[in-house]
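Below is one structure, written out as structure tokens; comments come after it.
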Amino acid sequence: MRKSILFFTSLLVALSLVLAACATPTPQVIERTVEVPVQQTVEVPVEVPVEVPVEVPVEVTAVPAEAPTATYARGETLYVSGAAWGPPSTWNPFVTWAHANTTGIVGNVYETLFTFDPLTGDLTPWLAESGEWSDSTTYDLKLREGIEWSDGTPLTAADVVFTFELGEQYAALWFSPVWNYLDSVTAVGDYDVQFTFTDPLYQEWSNNLYNIAIVPQHLWEGKTEEEITSGANENPVGSGAYLYESHAEDRNVWVRNENWWGTKLLGLTPAPKRIVDIRTASNNIALGMVVKGELDLSNNFLPGIAELSKKGYVDTYFAEAPYMLSANTAVLFLNTTKPPMDDPAFRRALAFAINVDDIVNVAYAGLVRAANPTGLLPSLEKYVDQDVVARLGYSYDPAQAQQILADAGYADVDGDGFVEAPDGSKVELEVTCPFGWTDWMEAINVIASSAQGAGINIKAATPDYGAWNTALTSGTFDMTLNNWAGMSNTPWTLYNLLFRHPIQETMGSGNFGRYDNQEMFDLVDALARVPVDDEAGMKAACADIQELMLTDMPMIPLWYNGLWAQFSNAVWTNWPTEAADTPDTLPATWAGYWQMGGLLTLTTLELAE
């Protein structure tokens, strides 16, 4: 459960996922007695995209770290968990690898031009009042008037131009590739910005609109390259609904910006005065805290939550299985540079040999859903070519797997129950995930055992995270799990990750199996150039990708990881659920999700009676 969505898969490679011990907060305790099932070590989702806003009061002064014993009025404070992976170390909206520890820097403190709602597919102006293509290579953006940075300085077109030009100056910034097709960005007055392009990648551009955090020129223009690309940015000054207040080893504390522009211009006010984001040490701690009302929202993976939800101790988005929204796709990457993974027939046979239902029902106890063979999340289902899936899709069928292997020349020559390759060589493979990621450890056990049942000798292995990540990016693994593409406004996000190109010595941002097929690369590039309002064109481009993907089977989408969200109604109520009389937002605090509904969820919360 390390998954959360990161939209910009290229930003996630630097994440070092370490869970440290955390103290329990000291809010008013609501006494409840409940039998809590034994949990495993906690694991949290990696979000993918990737930004976290942080703001500071008008007078920018150094703020000391919060003492672990600090207490706040319970009726003003929202306690959350499941987003922080380690102690806070930076409040820089561009240092994306650290956002798993300071989630909220983008979306809560620093804001984006647009927001995106994965439940409706709507891309909505935020800092921007509007944005449109005036012709095929010109994008005109109008900012809202009346927005101020938290130090009282107006936010203007100059700040937008400055932010984007940082990407042109510094290749280390994650969004610098936009300048491969962006020719210029110009302030046309105080609140109007014009972007001109050479060969616009419309799909990528629309994704950038709700992921690039705008920073204040008057405070950043004096920073050095090191400060901009890797600095800690203490005492951040943003434009968002919350300000940085304090932090400790086990938490971040944000306080509401009482002068936030959104209250005046949008009529929105976040209900909690403070957000205390706690890093818990185990599932037991997080689960116990949310059951007792000490945590209001847990975005941890809690495998025993289904039973507690049924008994009313906690609430989840869905009242029945899978209980959680689908957040990202867990994909089995196959190293196509190694035999027999270089054989499309073997890869296809393997897809039929994996019992995904056992992963869903055993490893996750029904908390996840099996993935569509195209890999696209349910929120992008309209871009699935059902005819392609009907002809080329796969499901667990060991007999079909064995037939494909036999037709391709794989046979059990030595009688040990496992097939040898057509040249007579042994097939002995490993499927991996990092040690301690207990849900994935269960999943790779299912992959190995079900593959063995079909005659393919695969064993599960769990190296430490560092060794696993090195093997992932250097291409020395046999097969491994990954899920760095999460909720997005475009299917291009997923396919850009799966088929990242060109192939390089280190593949740190996708295509970890090093599938080298220029035809596929051209198809993904063609999708990137389709205007986002051309739905028919997007569907046609996706159909071409899916036809080749399910023919060659270079990787195997298996299941959708959940948007883990368990909430208590002891202090705060009106959480978003599937019910018609609740808000239509996302109950998520992961990095990259604040601008996809996380912040809006805070504006609809109500205090319990």
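No lab work stands behind these numbers, since they all come straight from the coordinates. All of these numbers come straight from a predicted model, not from anything done at the bench. With ideal geometry, Cβ positions are generated from the backbone for all residues, glycine too; neighbour counts draw on all protein chains shown.
Observations, loosely collected:
- In Hz, Karplus ³J(HN,Hα) per residue of the stretch 563-568 (6.51, -1.76, 1.60; θ = phi - 60°; x = Gly, Pro): 7, 4, 7, 10, 10, 9
- Total lysine pairs under 24 Å (Cα atoms) in the chain, excluding pairs fewer than 8 apart on one chain: 11
- Relative frequency of Cα-Cα separations exceeding 11 Å in the stretch 374-424, percent: 75
- Size estimate for the stretch 368-514 follows the Kirkwood approach: the inverse of mean 1/r over distinct Cα pairs works out to 17.4 Å.
- Relative packing of peptides 286-295, 575-584, 230-239, 469-478 - highest average C-beta neighbours within 10 Å first: 286-295, 230-239, 469-478, 575-584
- The stretch between Gln386 and Thr138, if pulled fully straight at 0.36 nm per residue, gains 85.8 nm over its current Cα-Cα span.
- Förster-model FRET efficiency, 41 Å R0, Asp534 and Ala70, C-beta, rounded to 0.05: 0.20
- Between Ser130 and Glu547, the FRET efficiency from the beta-carbon distance, with R0 = 41 Å, is close to 0.65.
- Two-decimal log10 I(q)/I(0) for the stretch 408-463, as the Debye equation yields it once each C-alpha is a single scatterer, q = 0.12, 0.13, 0.16, 0.22 Å⁻¹: -0.32, -0.36, -0.51, -0.77
- With distances taken between every two different alpha-carbon atoms, the stretch 520-609 has a Kirkwood hydrodynamic radius of 16.6 Å.
- For the stretch 121-248, the normalised intensity computed at q = 0.09, 0.22 Å⁻¹ comes to -0.26, -1.51 (log10 of I(q)/I(0), Debye sum over alpha carbons, equal scatterers, no solvent).
- Placing pseudo-labels 7 Å out from each Cα toward the beta carbon at Thr337 and Asp584 gives an inter-label distance of 4.7 nm.
- For the chain, the fraction of alpha-carbon pairs in successive 20 Å shells from zero, as %: 21, 54, 24, 2
- Lys/Arg +1, Asp/Glu -1 at C-beta; the stretch 335-444 dipole; positive extreme among Leu429, Val356, Val368: Val368
- Model label sites at Ala232 and Gln452, defined 7 Å from Cα along the beta-carbon direction, differ in position by 4.9 nm.
- Label-to-label distance, nm, for residues given as Gln518 and Gln169 (7 Å Cα→Cβ offset): 3.9
- More than 23 angstrom apart: percent of Cα pairs within the stretch 215-332: 55
- Evaluated with a Cβ-only charge set (Lys, Arg +1; Asp, Glu -1), the stretch 156-310 carries a dipole of roughly 900 debye about its Cα centre, given to the nearest 20.
- Relative contact order %, the stretch 280-349, counting alpha carbon pairs below 8 Å whose residues are six or more apart: 15
- Relative contact order for the chain: 23 percent, from Cα pairs under 8 Å spaced at least 6 residues apart, divided by residue count.
- Relative contact order (%) - the stretch 555-600, alpha-carbon pairs under 8 angstrom, separation at least six: 23
- With all projection directions averaged, the alpha carbon convex hull of the stretch 429-558 covers 8.5 nm².
- Scaled against the 2.2 N^0.38 Å expected of a compact globular protein of N residues, the Cα radius of gyration of the stretch 498-545 reads 1.26.
- Gain on full stretching of the segment that runs from Asn574 to Ser176 - 0.36 nm per residue minus C-alpha separation: 139.3 nm
- Charges were assigned to the Cβ only: +1 to each Lys and Arg, -1 to each Asp and Glu. The resulting dipole of the chain about its Cα centre is roughly 1320 debye.
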